[in-house]
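Bear in mind that the values in this text are calculations on the coordinates, not laboratory data. Keep in mind that this is a model prediction, so the values were computed, not measured. Positions of Cβ are backbone-derived with ideal geometry, glycine not excepted, and every protein chain shown enters the neighbour counts.
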Amino acid sequence: MTTRLLRPDPQALGAEWRDLVVAEREQTERLREWHEADYYRPVARHFVEDPRRAGDEMLNELRSYCAPDVTWLDVGAGGGRNALPLALLSKQVIAVEPSQAMQEVLTDTARDAGIDNLEILPLRWPAGSESIQVDYSLMAHVAYDIDEINPFVDGLERATRKRCFASLMAHAPSSGFESLWEAVHGEQRYTLPAMREFLHLLLARGATPDVRIYARDVQPHEPDDIRASARRRLWLSEGSEKDLKLQGLIDEELKRGDHILQRRLVVSLISWEPSTTN
């Protein structure tokens, strides 16, 4: 049978997505030097932003859908970068977040901001999607490493009455470190799917997505932050033989002024109407 390129099967795309995620994960497990039950615990506090901040174009677009009677679902809410600003302008936000470290940060930030219309569910989506009904839903930077992407999106659409939103970067957060990975680990890095692959999947599923692109200048990073981030992305233990090699390579990048954390980001906000079949 001829492979369908113009009208691809969403299940086939989902299987290919899963293959990429599993290959990347297996490579990580084979080469990692450190293990942490909660991957985000060392960096959870970095995911905090002022819920009342101005000047965030993408957040302002999401805010335009808020109203006193509107409900939101934020899957993978993290430290509340989006959930808390939306809660300030809406009736309620349901924040799904499996990381205990992120839950703690989200709870603390909501309390400090005086936000009490936030419900935190420690679930791994799509668990719980059958019992949730909201007006709008958001998944921000959580799709990249999801094995079963179709059931994940099915759950989002099932829980949503009006419109689903997804924010993804042009390239997965782990990308940009491929050259360092290959130089340190001695093999090519598997690359996770991101914005383009997600759009391809949505179109194959029959959605007509709206896509908005936002270019973001990166805030200056201190050299120590760059070193720690690269170490984390390569899953290295501080002071190991591979880590020492990595730090030498970063020294060279910093001298050139060309490191992934110093480059401009391209972020998308994709929205679509939920399928009536979910």
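Observations
- From the coordinates shown, volume of the Cα convex hull per residue in Å³ corresponds to which of (i) 144; (ii) 134; (iii) 119: (i)
- DSSP bridge orientation in the chain - percent antiparallel, rounded to nearest 5: 40
- The chain: angle of helix 149-158 to the longest principal axis, Cα-based, in degrees nearest 10: 30
- Folded to 0 to 90 degrees: helix 241-256 orientation relative to the chain principal axis, Cα: 80
- Fewest-first ranking of 64, 129, 179, 268, using other Cβ atoms within 10 Å as the exposure measure: 64, 179, 268, 129
- Gain in span if fully extended, residue 117 to residue 30, counting 0.36 nm per residue against the direct Cα distance: 27.1 nm
- Sequence-distant residues sharing a close amide H with residue 95 (under 5 Å, placed H): 74, 119, 120, 121
- Hits among lysines - C-alpha to C-alpha of residue 242 under 22 Å, sequence gap 8 or more where chains match: 255
- Cross-link partners for residue 162 among the lysines, with Cα-Cα distance under 23 Å and sequence neighbours closer than 8 places in the same chain left out: 91.
- For region 104-223, average projected area of the Cα convex hull in nm²: 10.8
- Area projected by the alpha carbon convex hull of region 165-244, averaged over all directions, nm²: 7.0
- FRET E, pair residue 5, residue 147, Förster distance 35 Å, beta-carbon r, rounded to 0.05: 0.90
- Computed extension gain for residue 92 through residue 245, at 0.36 nm per residue and net of the alpha carbon distance, reaches 50.2 nm.
- Among 74, 116, 56, the largest mean-square fluctuation in a Gaussian network model of the chain (Cα springs under 10 Å) belongs to 56.
- Taking each residue as 0.36 nm, the span from residue 15 to residue 210 lengthens on full extension beyond its C-alpha to C-alpha distance by 67.8 nm.
- Integer Hz, Karplus 6.51/-1.76/1.60 couplings in order for region 169-185, x for Gly and Pro: 7, 4, 10, 4, x, 6, 6, x, 9, 4, 5, 5, 4, 5, 5, 8, 8
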